[in-house]
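The values are calculated or read from the model by the stated rules, or taken from the named source; none is laboratory data. These figures come from a predicted structure and were not determined experimentally. As a convention, Cβ positions derive from the backbone with ideal geometry for all residues, glycine included, and neighbour counts pool all protein chains shown. Surface areas here come from the heavy atoms of the whole protein model, side chains and all, with no ligands, DNA or RNA. Shrake-Rupley method; radii C 1.70, N 1.55, O 1.52, S 1.80 Å.
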Amino acid sequence: MLATFAFDVCHDVYRAAREVIDTKIPTLNLESSGKYMWHPDRMPRLGEYVCDFARARERALGDARQMRTSRMVMFRVYYLGGADYQAARRHLGISELTWADWAEEIRTRVGRELTRSGVFPPSKYFHASSIEVPENAA
């Protein structure tokens with residue numbers, strides 16, 4: 001399975017999940033978010049998926065090297081934040097060729113991490129238990 005394909009699929013699910021969450025929970029209105037807070041449940045929820053997607057970036061690109069910092073900013077602005085391509089590229093001050101190189105690196109590294117951590121494939125993620133069950137439990 002190509003890591004970039006895994007990333008693209010997970011990113012599509014992430015965007016859809018964010019859209020659902022943002023329409024149900026206005027992010028500036030904390031009073032209405034009560035029923036969407038975490039509760040013990042055996043199935044992962046959309047909010048957990050959103051967090052797991054973002055955390056995969058931290059694990060894949062999170063080393064402290066200066067070279068990776070620019071990729072982390074690009075990921076936050078474009079992939080997590082949903083900024084327009086041209087606006088994000090201008091914000092970062094990079095050429096189209098650099099953008100393409102960085103995007104490929106991000107999609108490959110994060111895609112590998114999404115596969116390794118079980119976020120990809122989403123169908124398996126949403127049908128798996130989000131609570132670890134001890135092996136000796138009956």
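Can you name the residue in the stretch 81-99 that is in a helix (DSSP H, G or I) and open to solvent by less than 50 Å² (accessible area, probe 1.4 Å) and is also farthest from Tyr14 (Cα to Cα) among such residues?
Step by step, filter the stretch 81-99, then rank; the result is Thr98.
Say whether the condition of being over 20 Å from Trp102 (Cβ atoms), surrounded by fewer than 18 Cβ atoms within 10 Å (Cβ to Cβ) and at pLDDT 55 or above is met by at least one residue in the stretch 2-10.
Within the stretch 2-10, none of the residues are over 20 Å from Trp102 (Cβ atoms), surrounded by fewer than 18 Cβ atoms within 10 Å (Cβ to Cβ) and at pLDDT 55 or above.
For the stretch 52-80, which positions are open to solvent by 60 Å² or more (accessible area, probe 1.4 Å) and small (Gly, Ala, Ser)?
Ala64
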